[in-house]
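The structure under discussion appears below in the form of structure tokens.
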Amino acid sequence: MQGELATAAFGAALTTNWLGRSYHYLATVTSTNDCLKEMAVRDNHLPAGTVVLADYQSQGRGRLERQWEAPAGTSLLLSIFFRPNWPAEQAQWLTMMASVAAAEAITAATGLPIALKWPNDLMLEYDGQWHKVGGLLLEGGLDHDGRLTSAIVGIGINVNIPAAQLPVANTPATSLLVAGGRPISRLTLLTDFLARLEAMVEAAESGVSPHAAWNQRLMTLGRPVQVSNAGSEPLITGVAEGTTPEGQLLVRDGVGRVHTVSAGDVTLR
Ligand code: BT5
């Protein structure tokens with residue numbers, strides 16, 4: 001149903017203290033990340049926790065300028081503004097927290113177990129195959145001391161996309177409707193996600209790392225993988241052994257050397 005995420009209904013359902021209290025609903029936008037980035041440039045005092053959400057994106061983005069596609073009114077497509085003031089190395093904490101909060105909220109709404117694929121995918125396994133049900137896009141700005149002064153976390157979750165309208169992708173796409181067999185309230189899922197995320201961000205601000213909760217959900221660990229960049233030839237082939245506290249992937253190659261990977265695409269071999 002279109003319009004269920006419009007401002008009045010959202011405001012009535014939201015239970016958070018600050019996350020999402022500044023909320024901008026748009027029926028259509030180019031990309032919620034781009035829109036929020038422009039808002040942050042225009043307004044030096046944009047509140048932390050500002051959310052921009054759209055029912056349709058004409059230029060939804062993944063990493064490396066890849067496209068994020070979703071039919072109008074079927075998905076959750078939003079971006080959240082943060083002022084972490086953390087060391088730059090800790091930037092991935094935001095991806096970790098948003099991934100775990102999304103996974104928990106999806107399971108609460110559907111009963112479906114969500115795994116995470118390093119670095120930024122929400123995954124569901126059925127029919128002997130992994131499917132991508134959502135993705136995250138972190139973009140941040142550093143100050144002169146290498147601190148993360150502002151950051152935008154974009155998240156797309158395929159909620160009620162019918163099977164015939166799923167995007168065609170290398171990793172098969174799915175939606176909660178297709179995997180779970182029934183439509184899900186986007187509003188309930190959204191407000192539950194924001195409540196969980198707010199609690200995690202507050203814990204992180206008092207020093208509690210989200211690393212363990214995130215690491216535990218990573219389907220990538222212990223598996224033979226190939227790591228590549230932007231569709232290039234595999235850079236590293238080996239076994240994904242673990243992650244660093246900052247979220248880098250540790251891959252042991254055939255001669256036993258451990259590579260620390262900060263960015264890239266992982267394929268399970
Ligand atoms: C991601 O990138 O997975 C991050 C996606 C972030 C999207 C959100 S929506 C709200 C906010 N505003 C934006 O403009 N973006 C964020 P990446 O790992 O690069 O994966 C992109 C790839 O996923 C594409 O190249 C396709 O192969 C595939 N794909 C595209 N749309 C998909 C979908 N709806 N479901 C599953 N896979 C998809």
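Scanning region 206-219 for residues that are in contact (Cβ under 8 Å) with a residue 60 or more places away in the chain and over 16 Å from the mean Cα position of the chain (by Cα) turns up just one, Ser209.
Within the span defined as region 76-86, every residue fails to be more than 10 Å from the ligand (Cβ to nearest atom), assigned to a helix (DSSP H, G or I) and either at pLDDT below 95 or in contact with a strand residue (DSSP E or B) (Cβ under 6 Å, 6 or more places away or on another chain) (or both). Here is the figure for region 44-75: residues that are more than 8 Å from the ligand (Cβ to nearest atom) and either in a strand (DSSP E or B) or touching a residue at least 40 places away in the same chain (Cβ under 8 Å) (or both) total 10.
Okay, residues lined up against (1) within 15 Å of the ligand (Cβ to nearest atom); (2) assigned to a loop (DSSP other than H, G, I, E, B); (3) polar (S, T, N, Q):
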{"position": "Thr107", "(1), (2), (3)": "no, no, yes"}
{"position": "Pro113", "(1), (2), (3)": "no, yes, no"}
{"position": "Glu125", "(1), (2), (3)": "yes, no, no"}
{"position": "Gly134", "(1), (2), (3)": "yes, no, no"}
{"position": "Gly140", "(1), (2), (3)": "yes, no, no"}
{"position": "Ala169", "(1), (2), (3)": "yes, yes, no"}
{"position": "Pro183", "(1), (2), (3)": "no, yes, no"}
{"position": "Leu187", "(1), (2), (3)": "no, no, no"}
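Mind checking whether some residue in region 257-267 is in contact (Cβ under 8 Å) with a residue 40 or more places away in the chain, of a type in the set (Asp, Glu) and either within 18 Å of Leu137 (Cα to Cα) or surrounded by 17 or more Cβ atoms within 10 Å (Cβ to Cβ) (or both)? For region 257-267, residues in contact (Cβ under 8 Å) with a residue 40 or more places away in the chain, of a type in the set (Asp, Glu) and either within 18 Å of Leu137 (Cα to Cα) or surrounded by 17 or more Cβ atoms within 10 Å (Cβ to Cβ) (or both): absent. Note on region 224-249: residues that are over 20 Å from Leu122 (Cα atoms) and assigned to a strand (DSSP E or B) total 4. Among the residues of region 129-149, just one is modelled with pLDDT under 95 and crowded, with 19+ Cβ neighbours inside 10 Å, namely Leu148.
Across region 16-33, what is the number of residues that are exposed (fewer than 13 other Cβ atoms within 10 Å of the Cβ) and either charged (D, E, K, R) or under 21 Å from the mean Cα position of the chain (by Cα) (or both)? Number of matching residues: 1.
Would you please name the residue that is farthest from the chain's Cα centre (by Cα), looking only at residues in region 149-167 that are part of a strand (DSSP E or B) and away from the ligand (no atom under 12 Å from the Cβ)?
Thr149
Close Cβ contacts (under 9 Å, 6 or more residues apart or on different chains) running from residues in region 95-122 that are at positive phi and in contact (Cβ under 8 Å) with a residue 60 or more places away in the chain to residues that are away from the ligand (no atom under 13 Å from the Cβ) and in a helix (DSSP H, G or I) comprise Gly111/Gly180. Restricted to region 29-43, and to residues there that are assigned to a helix (DSSP H, G or I) and within 13 Å of the ligand (Cβ to nearest atom), the residue that is nearest to Gly141 (Cα to Cα) is Lys37.
The values are calculated or read from the model by the stated rules, or taken from the named source; none is laboratory data. On a predicted model such as this, the values are computed, not experimentally measured, just so you know. Counting neighbours? That spans all protein chains shown, and the Cβs are built from the backbone with ideal geometry, glycine included.
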